[in-house]
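As structure tokens, the structure follows; a few thoughts come after it.
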Amino acid sequence: MKSLTIAEAARELPKLINAAREADEEIEIVDGGEVVATLVSAAKGRTALEIFADIEGTLDEETGAELQRLHDEMRRSSWGRLSELRNPWAGS
């Protein structure tokens, strides 16, 4: 995974967006040695479990089990998908 400072990312933003989109590359943006953001392709469509896998080891077992239970419950529900929600900031 590529890692850049905020200043570097600002200078190279168009290239980074293309890399994320076309090469499905993830780019970490760091500030003071700490990752503050990750640029990923929107088309990648990560699942909740993939996102939770990124934070593996940071949750206690009880919280992890509850998140898994809620995830499974949501998959079985009749709720719509996030992609089906209307963007409140988009024009009508």
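Testing Ser41 on (1) modelled with pLDDT under 70; (2) surrounded by 14 or more Cβ atoms within 10 Å (Cβ to Cβ), one condition comes back false. Which one is that?
The single condition Ser41 does not satisfy is (1).
Would you please name the residue that is surrounded by the fewest Cβ atoms within 10 Å (Cβ to Cβ), looking only at residues in the stretch 16-27 that are out of contact with any Lys or Arg (no Cβ under 7 Å at 6 or more places or on another chain) and not aliphatic (A, V, I, L, M)?
Filtering first and then ranking leaves Glu22.
Filtering the stretch 74-92 down to residues that are at pLDDT 70 or above and loosely packed, with under 10 Cβ neighbours inside 10 Å, which residue is nearest to the chain's Cα centre (by Cα)?
My answer is Trp89.
Identify all residues within the stretch 10-31 that are farther than 17 Å from Ala42 by Cβ, among the aliphatic types (A, V, I, L, M) and either without any contact (Cβ under 8 Å) to a residue 24 or more places away in the chain or part of a helix (DSSP H, G or I) (or both); write none if there are none.
Ala10
The values are calculated or read from the model by the stated rules, or taken from the named source; none is laboratory data. In this text the structure is predicted, and so the values were computed from the model without any measurement. Here the Cβ is made from the backbone with ideal geometry for all residues, glycine too, and neighbour counts use every protein chain on show.
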